[in-house]
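Asks: Once you've had a glance at the structure underneath, I'll fire off some questions.
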Amino acid sequence: MSAERFADLVSAAGPVSRETFDRLDGFGAAFLRWNARINLASAASLPQLWERHIIDSAQLFPLAAHAKHWVDIGSGGGFPGAVIAILLAERPGSHADLVESNRKKAAFLASALGAATAPAKVHAVRIEESSLLIPSADVVTARALAPLPLLLELAAPWLTQGAMGLFHKGREFAAEIEESRSRWQFDLLTHPSRTSRDGVILAISGLERR
């Protein structure tokens, strides 16, 4: 199974070392231990932790191949932010900031990412306050956080300054895009999800308020 998971990770994220795979495997083990205490994810998704969460997160990585500073908002249990942070260990000079206001989840992220020696910092603050601590970014990510119009509002401090947003969305993504267009102007690329038949990754840049 480890060889199969490694192949899936390489397929989703691009060239990845066995060392990085082992770090992600360790993060997954820590996730399962902590989840028994603080409910990081639904129990139904745990048997497919790699497919549903780790590989799903890793697919963002090649969509911003040269980005060095990633910000993940509403990080929760670490998807996609923690996975990206661990992958960044192979990209010298790179860094991830994870924003999670729930202090128990933030404590998990700090512990697990520290153990993985990932180039990351966890901010246990509200998203609305985080841009004061993180004034710039190359990429902003979020998964299962909010409908796109609200998500753009939350990410606007970075996206309006030149960052790109990479956002997981489900089957209702077209309606969310249409609603967002009434409030915002932006450039959009839509990438099919590798892990969900109905899912997409929205790549948003050039955000401006109407």
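The values are calculated or read from the model by the stated rules, or taken from the named source; none is laboratory data. Not measured: the values here are computed from a predicted model. Glycine gets a Cβ as well: all are built from the backbone with ideal geometry, and neighbour counts include every protein chain shown. To get the accessible areas, we keep the full protein, side chains included, count just its heavy atoms, and leave off ligands, DNA and RNA. Shrake-Rupley method; radii C 1.70, N 1.55, O 1.52, S 1.80 Å.
Asks: Output the number of the condition that residue 58 fails; it satisfies all remaining conditions of (1) open to solvent by 10 Å² or more (accessible area, probe 1.4 Å); (2) among the small types (Gly, Ala, Ser); (3) within 16 Å of residue 12 (Cβ to Cβ).
Replies: (1)
Asks: Can you find a residue that is modelled with pLDDT of 95 or more, more than 25 Å from residue 93 (Cβ to Cβ), open to solvent by 10 Å² or more (accessible area, probe 1.4 Å) and of a type in the set (A, V, I, L, M, F, W, C) anywhere in the range 127-140?
Replies: Within the range 127-140, one or more residues are modelled with pLDDT of 95 or more, more than 25 Å from residue 93 (Cβ to Cβ), open to solvent by 10 Å² or more (accessible area, probe 1.4 Å) and of a type in the set (A, V, I, L, M, F, W, C).
Asks: Restricting attention to the range 179-210, which residues are closer than 10 Å to residue 169 by Cβ and in a strand (DSSP E or B)?
Replies: 190, 200, 201, 202
Residues checked against (1) closer than 27 Å to residue 28 by Cα; (2) under 17 Å from the mean Cα position of the chain (by Cα):
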residue: 100; (1), (2): yes, yes
residue: 107; (1), (2): yes, no
residue: 118; (1), (2): yes, yes
residue: 124; (1), (2): yes, yes
residue: 127; (1), (2): yes, yes
residue: 148; (1), (2): no, yes
residue: 154; (1), (2): no, yes
residue: 168; (1), (2): yes, yes
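Asks: Could you tell me whether residue 146 is open to solvent by 10 Å² or more (accessible area, probe 1.4 Å), in a loop (DSSP other than H, G, I, E, B) and either modelled with pLDDT under 95 or more than 20 Å from residue 67 (Cα to Cα) (or both)?
Replies: Criteria met by residue 146.
Asks: Only residues that are open to solvent by 80 Å² or more (accessible area, probe 1.4 Å) and either closer than 18 Å to residue 144 by Cβ or acidic (Asp, Glu) (or both): list them for the range 1-42, please.
Replies: 4, 19, 22, 39
Asks: Determine whether the range 149-164 contains at least one residue that is in contact with a Gly (Cβ under 6 Å, 6 or more places away or on another chain), over 26 Å from residue 45 (Cα atoms), of a type in the set (Asp, Glu) and open to solvent by 20 Å² or more (accessible area, probe 1.4 Å).
Replies: The answer is no, given that none of the residues of the range 149-164 is in contact with a Gly (Cβ under 6 Å, 6 or more places away or on another chain), over 26 Å from residue 45 (Cα atoms), of a type in the set (Asp, Glu) and open to solvent by 20 Å² or more (accessible area, probe 1.4 Å).
Asks: Are there any strands (runs of 3 or more DSSP E) wholly within the range 33-143 with 1 or more residues that are more than 25 Å from residue 196 (Cβ to Cβ), and if so which?
Replies: 69-73, 95-99, 120-123
Asks: Among the numbered conditions (1) within 19 Å of the chain's Cα centre (by Cα); (2) at pLDDT 95 or above, tell me where residue 19 comes up short.
Replies: For residue 19, the failing item is (1).
Asks: Within the range 93-111, can you find the residues that are open to solvent by 60 Å² or more (accessible area, probe 1.4 Å) and either touching an Asp or Glu at 6+ places or on another chain (Cβ under 9 Å) or without any contact (Cβ under 8 Å) to a residue 60 or more places away in the chain (or both)?
Replies: 93, 95, 101, 102, 103
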